[in-house]
Amino acid sequence: MPSCAKRLNLFNHSMAIHTENIKAQMRKGFLEYCILLIISKEASYAPDIIRNLKKGHLIVMEGTLYPLLTRLKNNGLLDYSWAESNQGPPRKYYELTERGRLFLYDLEEAWQEIRHGIDVIKEELSSESNLYN
């Protein structure tokens, strides 16, 4: 039977993997919402979208972003236009359609509900115990 220290190390490793998986799932769940938020401000070029996501610590690779942009476009939430570039080939800029704006509005409401629900739970728990101390 493994020693107590070895079992604790295995447990900590397992929990770290589990925590990272949960964090990745949470990021994926909010990624479309964040992409739409970024594009809602102005027509956006994919590398600019990635840069903004990285600012929010939502690390995304191009291989993740382009399929999402394609799906959002195929669902009628985005459109794109081409613009000439001084630094190479023309660039594709994405923008929200009217349907995309309505969808973003619905996602914003859902986010506010989720955030409020989590805040209520945290406040309730913190008033009952010293959960965070």
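Here are the numbers for the structure shown:
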read-out	value
Per principal axis, descending, Cα span of the chain in whole Å	64, 36, 24
Note, ³J(HN,Hα) from phi for segment 50-60, Karplus 6.51, -1.76, 1.60, rounded to Hz, x at Gly and Pro	4, 4, 5, 5, 5, 4, x, 6, 9, 4, 9
Using a Förster distance of 35 Å, the FRET efficiency for residue 84-residue 123 (Cβ separation, nearest 0.05)	0.10
Aspartates and glutamates whose Cα lies under 13 Å from that of residue 54, excluding same-chain neighbours fewer than 8 positions away	62
Computed [θ] at 222 nm, helices only, for the chain once each DSSP H run of length n ≥ 4 contributes -39500 (n - 2.57)	-24500 deg cm²/dmol
Highest average packing first - 117-123, 65-71, Cβ atoms within 10 Å	65-71, 117-123
For segment 20-89, projected area of the alpha-carbon convex hull averaged over all directions, nm²	5.4 nm²
Cα centre as origin, Lys/Arg/Asp/Glu Cβ charges: the chain dipole, Debye	680 debye
Potential lengthening between residue 43 and residue 19 on full extension [0.36 nm per residue; Cα-Cα distance subtracted]	5.2 nm
Candidate aspartates and glutamates - alpha carbon under 13 Å from residue 41, same-chain residues fewer than 8 apart omitted	95
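Coordinate-derived values only; no laboratory data. Only a predicted model underlies this, so the values are computations on that prediction, with no experimental measurement involved. All Cβ positions, glycine included, derive from the backbone under ideal geometry; neighbour counts span all protein chains shown.
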